[in-house]
There are 2 protein chains.
Amino acid sequence: MVLMDEPLGTDVPQGFIRLRGTIAYDGEKFAGWGMQPERRTVQGDLEEVFARLMRTDRLVITCAGRTDAGVHSVGQVFHIDVPEDRYPGRKDMMFKLNAILSEDLAVTDIDVAPDGFDARFSALSRSYRYLINDGVRNPVTRRQIYNYGWALDVALMVEAGKYLLGLHDFSAFCKQKEFATTIREVQQLDIYRDDDGVIHFDITADAFCYSMVRAIVGALVDIGAGRREPSWIETYLAGGAKVPAVFVAPALGLTFMKVNYPSDDQLAARILETKHSRDGSR
Amino acid sequence: MVLMDEPLGTDVPQGFIRLRGTIAYDGEKFAGWGMQPERRTVQGDLEEVFARLMRTDRLVITCAGRTDAGVHSVGQVFHIDVPEDRYPGRKDMMFKLNAILSEDLAVTDIDVAPDGFDARFSALSRSYRYLINDGVRNPVTRRQIYNYGWALDVALMVEAGKYLLGLHDFSAFCKQKEFATTIREVQQLDIYRDDDGVIHFDITADAFCYSMVRAIVGALVDIGAGRREPSWIETYLAGGAKVPAVFVAPALGLTFMKVNYPSDDQLAARILETKHSRDGSR
């Protein structure tokens with residue numbers, strides 16, 4: 001399913017070139033990635049700045065994975081088609097963008113995209129990180145690390161996490177949208193405590209549905225706190241959307257880390273595959 | 001020199017017990033540690049909460065090292081004398097304090113202080129950390145890591161840092177206060193780039209004067225950016241307060257890390273030594 005406000009695939013209009021950029025943002029003051037009337041969004045801010053710099057009407061930006069309100073990014077990827085004769089080159093483009101963008105938004109890399117690149121449809125997978133402090137609350141990092149007031153057992157969460165790996169219908173962890181598939185493949189889920197005692201949930205999947213990472217972390221937290229057995233998550237996952245919602249961990253602890261793309265010569269093939277699978281069986 | 005609003009040394013009033021606490025804060029919304037009329041300060045918030053919990057008039061809090069406006073803490077130490085019969089014990093005290101304190105302030109440890117303990121006068125040294133990102137600005141960590149828009153050469157800063165080690169008159173790096181000594185001993189200064197590319201300035205001294213860490217980091221940054229030779233800092237240091245002020249790095253990048261105290265049986269001796277040296281030759 002392709003949303004109507006996004007450009008369809010790889011077609012770059014005549015006289016335009018496609019740029020590929022990486023963007024970091026502090027999600028606190030954004031109502032998420034996607035444009036919404038009367039709300040500040042990452043897409044809205046970026047499109048406005050590009051239009052201003054390129055002296056054009058709206059230029060539509062496509063990202064690899066739309067983030068929810070409050071979610072941060074250090075590795076979100078986007079593409080945008082800009083008039084070729086107005087592109088000032090990589091270094092100037094970076095400088096000009098970051099001089100205008102607000103302090104909670106920064107383009108960390110930008111360049112002409114390889115042929116056939118589409119930020120969304122070329123992506124093989126997306127990686128997110130969720131951070132929890134289960135010790136005494138830390139005021140300094142409270143906007144990026146969720147202060148959870150209960151000691152968590154990491155080993156129990158690691159055990160439970162194994163049930164989530166692989167291809168499943170994650171509808172139990174997704175806010176439902178009509179017609180949208182909730183089948184996803186969790187390719188990696190690393191849960192560990194770092195040297196500062198902060199618990200990391202590093203998760204990679206082909207794609208995520210709305211609130212999926214936060215609902216997964218919320219379920220794991222219930223297990224880590226001893227309120228449920230690790231094996232409960234298997235039953236919960238199998239129950240699908242019919243079972244009552246779990247605790248959804250707050251957005252502030254979540255950061256979009258990176259997007260994995262195939263090598264440049266595989267980009268076009270990947271797009272066809274993604275579009276086929278999203279229109280069809282998953 | 002003893003400031004008049006602080007209790008003098010180790011005397012705990014009859015019927016009171018002295019508590020030793022550690023406090024973490026996000027400095028952004030505080031006008032620093034010390035009480036100021038009409039401004040929000042860490043001391044003001046803490047004293048208010050203690051008075052409320054202890055159902056008393058003002059209880060005066062003494063910290064190990066007053067922090068400037070905007071400076072964070074993970075390891076600031078304080079002492080406070082509270083009515084013995086109203087002290088609810090360590091665990092309850094922690095819980096009650098943190099339930100009332102604002103989200104940008106947390107007591108991370110509290111207990112009855114060892115005999116003769118004084119948060120300020122017992123301290124052997126204080127440790128601070130300053131963090132700089134000299135790559136593309138990072139919006140997510142911008143409140144704790146100073147985004148400096150120029151690549152810095154760490155090796156040059158390490159070289160310059162060596163001139164600062166040891167006992168010196170740091171008046172070139174201090175905002176002048178009448179009658180206050182500016183002779184300090186920098187015991188440790190580690191400058192390095194971590195795995196994420198963030199530059200750390202870890203500095204320990206017997207004590208610091210107002211804005212000293214930030215002025216030192218500012219001077220080192222000028223050297224790291226290639227605007228001055230490493231050896232310039234020696235001349236600058238020797239010049240004292242008469243030379244023009246250097247760049248003072250912004251407060252947001254600075255965090256009070258910890259206080260080093262002698263073992264419990266050396267506390268009383270340490271207080272006498274500190275008071276003597278501050279009243280007298282340094």
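The values are calculated or read from the model by the stated rules, or taken from the named source; none is laboratory data. Since this is a predicted model, take the numbers as computed values, not measurements. Ideal geometry is used to build each Cβ from the backbone, glycine not excepted, and the neighbour counts take in all protein chains shown.
For this structure, a couple of remarks:
- When residue B:255 is tested against the conditions (1) in a helix (DSSP H, G or I); (2) among the hydroxyl-bearing types (Ser, Thr, Tyr); (3) within 14 Å of chain A (Cβ to nearest Cβ), the lone failure is (1).
- Identity of the residue in the stretch A:104-120, away from chain B (no Cβ under 13 Å) and among the hydrophobic types (A, V, I, L, M, F, W, C), that ends up nearest to the chain's Cα centre (by Cα): A:119
- Summed over the stretch A:93-140, residues that are not in a strand (DSSP E or B) and not aliphatic (A, V, I, L, M) total 19.
- Whichever residue in the stretch B:124-158 is touching an Asp or Glu at 6+ places or on another chain (Cβ under 8 Å) and aliphatic (A, V, I, L, M) and, among such residues, is nearest to residue B:79 (Cα to Cα): B:124
- One residue from A:218, A:239, A:226 being assigned by TED's automatic domain parsing to the domain that holds residue A:141, modelled with pLDDT of 95 or more and in contact with a helix residue (DSSP H, G or I) (Cβ under 8 Å, 6 or more places away or on another chain): A:226
- Among the residues making up the stretch B:21-48, those that are assigned to a helix (DSSP H, G or I), within 15 Å of the chain's Cα centre (by Cα) and surrounded by 23 or more Cβ atoms within 10 Å (Cβ to Cβ) are B:27, B:42.
- Any hit, the stretch B:49-62, residues being at positive phi, surrounded by fewer than 19 Cβ atoms within 10 Å (Cβ to Cβ), more than 14 Å from chain A (Cβ to nearest Cβ) and free of Cβ contacts under 8 Å to residues at least 40 places away in the same chain: yes
- Checking each residue in the stretch A:76-100 for being within 11 Å of chain B (Cβ to nearest Cβ) and touching a residue at least 40 places away in the same chain (Cβ under 8 Å) picks out only A:97.
- Residue within the stretch B:67-79 that is surrounded by fewer than 18 Cβ atoms within 10 Å (Cβ to Cβ) and more than 22 Å from the chain's Cα centre (by Cα) present: no
Here's the yes/no breakdown for (1) within 14 Å of chain A (Cβ to nearest Cβ); (2) touching a strand residue (DSSP E or B) at 6+ places or on another chain (Cβ under 7 Å); (3) surrounded by fewer than 16 Cβ atoms within 10 Å (Cβ to Cβ); (4) modelled with pLDDT under 95:
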position	(1), (2), (3), (4)
B:102	yes, no, yes, no
B:129	yes, yes, no, no
B:132	no, yes, no, no
B:146	yes, yes, no, no
B:153	no, no, yes, no
B:159	no, no, no, no
B:165	no, yes, yes, no
B:179	no, no, yes, yes
B:202	no, yes, yes, no
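- Test: residue in the stretch A:206-221 that is of a type in the set (S, T, N, Q), away from chain B (no Cβ under 14 Å) and buried (at least 17 other Cβ atoms within 10 Å of the Cβ): yes
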